[in-house]
Amino acid sequence: MSVEILMPELGESVHEGEVTRWLKKVGEKIKEDEPVVEIMTDKVNQELQAPASGILVKIIIPEGGTVEVFAAMGVIEEDEAKAKEMIAAAQAEAPAEEAAPAPEPKAPKVEAPAPAPKAPEKPVPAPAPAPTVSAEQIPGKRFYTPIVRVMAKDHGISLGELGTIHGSGKDGRVTKKDLEAYLASKGGRSIPGPLTADFTQKTDASGPETETVKLAGMRKMIADHMQRSSEIPVVTTLIDVDVTNVVNFRKENKEAFQHTHGLKLTFTPFFIKAAAEALVEFPMVNSSLEGKEITVNNRVHMGIAVSLGKDGSGGLIVPVMRNCESKSFVDIAGDLAEIATKARNNTLDTSDVQGATFTLTNPGSYGAALGTPMISAPQAGILGTYGIKQQPVVINGMIAIRSVMNLVLTYDHRLVDGATAGKFLQAMKRKLEDLSFFE
């Protein structure tokens, strides 16, 4: 019996998705519940399981194609003999369609002054149909999947070198396995020593000067969401915070914390805990506006922006930590470690990224000193935590060296006034400077 692979409903607001990768090829055997296709929605990137065991006989929606909820993406045939017949029939039909004669072009009518005797005309063959050319066959337009691009960048492989690798994927596409095999054959990335490097050697600039790729997958998801968010009238307010006590506490307790709880003690749990308590004090910062209705949230479901890939170039996703207002510092640290691992391993499901009431992003973790984070609609605010630096500070007329950072709040000015935003940031400042949430 033939079983269709249907696009499931991955959330109330999800109406379609994009097929980013087929994990099986036509003709391959599939076991029930085995991952078969990867789907990207505006919420999450997710692998879908096979609804039955059998052989994949047809791919209806190719990679890069859009599929609506409950529409068929492919077909699995449970009977092996029938599956072979279906695949053979499909392959037999394909050449017949390609060989269909093209209509002869009509020659323009030209009137001659007088007919002249002509030699017998030779039959003119109809022009052959232009062959279909994929992006991989166009010089300078070769397509690479996001994971291949990230791997290549991590190992110092240029686009020119990447173009020399034989691809085993569809239309000669280079797959992750192809790149892994190539790296294994060359023994990984070679880095010249500081004393033996040839500083006169020129950079290899082989390959196309530019490359054009389709806005797809996670980048399209981010682009669409940021476009919606850009329509919100926002204001950004910043404040500097003396986090010397936080820095000293972490330094003195990080080894004991890991030994006791099995968790690395980072700065982010401090920011989440302080923000959660401040949001309870100022609930309008924890609200949202949809249409003409304001939702004021009494629970703090904190969205945490997580960069994907070794160097953060694999995109961005915002998993949610729920009920942060009622959790201890240790609970928050544990939840943070869990969602970060799931995000980087691509094992988040739709429920992990839905329902955030407020968002925290930590650009300070990669050295950013200051910025203006962009709000995530329909939330009322997003908090950016930036890099900690030692600097001179005047305290009671004396100069001291302290650890200082910037907190930056971007907020929907329809919901939050400047005074409320300032009081929210002042509350966070007090909590971080005094470590009052440990009392």
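Mind jotting down the distance between the C-alpha centroids of segment 397-432 and segment 241-266, whole Å?
A separation of 22 Å, based on Cα centres.
Can you tell me, using C-alpha contacts under 8 Å and at least 6 residues apart, the relative contact order of segment 232-438 as a whole percent?
Relative contact order here is 30 percent.
Just report the Cα centroid separation between segment 22-57 and segment 356-379, whole Å.
34
Using modelled backbone amide H atoms (1.01 Å from N, in-plane), which distant-in-sequence or interchain residues come within less than 5 Å of Leu6's amide H?
Met73
Test of understanding: what is the full-extension gain from Val296 to Val280, defined as 0.36 nm times their sequence separation minus their Cα-Cα distance?
So the chain would gain 4.7 nm between Val296 and Val280.
Return the sequence-ordered ³J(HN,Hα) values of segment 404-410 in whole Hz as given by the Karplus equation 6.51 cos²θ - 1.76 cosθ + 1.60 applied to θ = phi - 60°, using x for Gly and Pro.
3J(HN,Hα) across segment 404-410, in whole Hz: 10, 9, 9, 9, 10, 10, 9.
Sorted by packing (mean other beta-carbon atoms within 10 Å per residue), highest first, where do 385-395, 56-66 land?
56-66, 385-395
Give me the extension gain from Met1 to Thr164: residue separation times 0.36 nm, minus the current Cα-Cα distance, reported in nm with one decimal.
Here the segment from Met1 to Thr164 would lengthen by 54.4 nm.
With a point put 7 Å past each Cα toward its Cβ, work out how far Gln91 is from Ala256 in nm, to one decimal.
So the two model labels end up 6.9 nm from each other.
Residue by residue, what Karplus-based ³J(HN,Hα) values in Hz, rounded to whole numbers, does segment 154-160 have, using 6.51, -1.76 and 1.60 with θ = phi - 60° and x for Gly and Pro?
For segment 154-160, the Karplus curve yields 4, 9, x, 8, 6, 4, x Hz.
Test of understanding: ordering Met374, Met405 by Cβ neighbours within 10 Å, fewest first, what list do you get? Provide the component values of the computation, followed by the final result.
Values: Met374 18, Met405 22.
Placing the least packed residue first, the sequence is Met374, Met405.
Going by average Cβ neighbours within 10 Å, how do the peptides 360-368, 338-346 rank, with the highest at the top?
By packing density, highest mean first, the sequence is 360-368, 338-346.
Taking H as built 1.01 Å from N, whose amide H comes closer than 5 Å to the amide H of Val235, not counting residues under 5 places away?
HN-HN under 5 Å from Val235: Tyr411, His413.
Work out how much length Thr236 to Lys177 would gain on full extension: take 0.36 nm times their residue separation and subtract the Cα-Cα distance, in nm to one decimal.
16.7 nm
Within a Cβ distance under 10 Å of Lys58, other residues only, what is the Lys/Arg minus Asp/Glu net charge?
-2
Once both labels are modelled 7 Å past Cα along the beta-carbon direction, what's the Ile60-Lys264 spacing in nm?
4.5
For segment 2-92, what relative contact order do you get, as a whole percent, if you take Cα pairs closer than 8 Å and at least 6 residues apart?
RCO, segment 2-92: 36 percent.
Measure up Lys153/Lys176; Lys25/Lys177; Lys254/Lys431; Lys31/Lys342; Lys342/Lys389 against 22 Å on the Cα-Cα distance and list the ones that go over.
On the way: Lys153/Lys176 13 Å; Lys25/Lys177 15 Å; Lys254/Lys431 20 Å; Lys31/Lys342 24 Å; Lys342/Lys389 30 Å.
As for pairs spanning more than 22 Å Cα to Cα, those are Lys31/Lys342; Lys342/Lys389.
Using modelled amide H (1.01 Å from N, peptide plane; none on Pro or chain starts), what sits under 5 Å from the amide H of Ala50, excluding residues fewer than 5 places away?
Here the answer is Asp33, Glu34, Val36, since their amide H atoms fall under 5 Å of that of Ala50.
Just to check I understand the Karplus step: with θ = phi - 60° and J = 6.51 cos²θ - 1.76 cosθ + 1.60, what whole-Hz values come out for segment 319-335, glycine and proline as x?
x, 10, 9, 8, 6, 5, 5, 10, 9, 6, 4, 5, 4, 5, 4, x, 5
Every read-out reported here was derived from the displayed coordinates using simple, explicitly stated rules and does not represent laboratory data. Everything numeric in this text was worked out from a predicted model, so none of it was measured. Cβ atoms come from the backbone with ideal geometry, glycine included; neighbour counts cover every protein chain shown.
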